Amino acid sequence: MVQEMITMTFKELSRYETIKKLIEGIINGTQASIQLRLTVRQIKRLKASVKKYGAKGLTHGNRGKTSNRKLSETIIEKAKHYLKKYYPDFKPTFASEKLKERHNIKLGRETVRRIMIEEKLWKPKAKAKTKKYRSWRPRKEYYGQMQQFDGSYHKWFEDRGKEGCLLASIDDATGKITQAEFTDNEGVTPTFLFWKKYSSFTGKPVNIYLDRHSTYKVNTKSIFDDPKVLTQFERAMKDLDIHIIHAYSPRSKG
């Protein structure tokens, strides 16, 4: 008997484990929707799909196929040529209109904007800073839904030892300390070991709420808001489908 090989991403595998728990009655639909950050209706659809097709029901049907919306490289190259030659000082919206009107090249404004940024014909404007009213954030509803995490440097053993770092996670819903341990620093290796131990005993967290320490967030000003630039920690959590939330002030974490 030939067995079919199913390739799944970490995100799909995580979804499969959660849907299996739902089917087995370990969790209910509301808990599954919170864990996977989906609506109850979407959870019902995934549950039905897994019941019918197994793990394959969670994989994308178009995986491995070329998207029918993919733009031709020839069209992109033509657009670059005309933009450089005729519209280097145009704004993206006006440039996209001219490409369509004069050269019969139909590209969306955002596509033209991206091309012009890549070719250094357009410089995106910096985001304006706006003051927002800050209110108390309500606690999460379920235990394990979100872990607050931080590292604290202090002479914990007074004069009996050097300054150390206490890594600790606190459940947001209950306020209970879920794990704590002393390390030398808040670097990549101690943090990875902390969450590996946490997951082996407690299970994978849904969300982790932490600060913008360099281990958790790229703080270089020029690429601070670039979603593609991630730290090793952020990449690992993304692969494991663990959502990272960065606090912008100590008070926001409580």
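Since every read-out is calculated from the coordinates, none of them should be taken as a lab result. Keep in mind the model is a prediction, meaning the values are calculated, not measured. Because the Cβ atoms are built from the backbone with ideal geometry, glycine has one as well, and the counts that use them run over all protein chains shown.
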| message | For the pair Ile117/Phe192, report the inter-label distance in nm, with labels modelled 7 Å from Cα in the Cβ direction. | response | 3.0 nm
| task | Set Lys and Arg Cβ to +1 and Asp and Glu Cβ to -1, take the dipole of the stretch 10-58 about its Cα centre, and tell me which of Leu36, Leu58, Ile23 lies farthest positive. | result | Leu58
| said: 7 Å from Cα along Cα→Cβ at both Lys100 and Arg41: what's the point-to-point distance in nm? | reply: 3.1 nm
| note | With label points set 7 Å from each Cα along the Cα-to-Cβ direction at Thr59 and Thr93, the distance between them in nm comes to 4.4 nm
| field | Principal axis dimensions, the stretch 97-248 - Cα atoms, whole angstrom, descending | value | 76, 36, 34
| request: With 23 Å as the limit, write out which pairs from Lys106/Lys228; Lys51/Lys238; Lys176/Lys196; Lys217/Lys238; Lys20/Lys217 have Cα-Cα distances beyond it, or answer none. | output: Lys106/Lys228; Lys51/Lys238; Lys20/Lys217
| said: If you take every residue apart from Lys155 with its C-beta less than 11 Å away from the C-beta of Lys155, what net charge results, scoring Lys and Arg +1 and Asp and Glu -1? | reply: -1
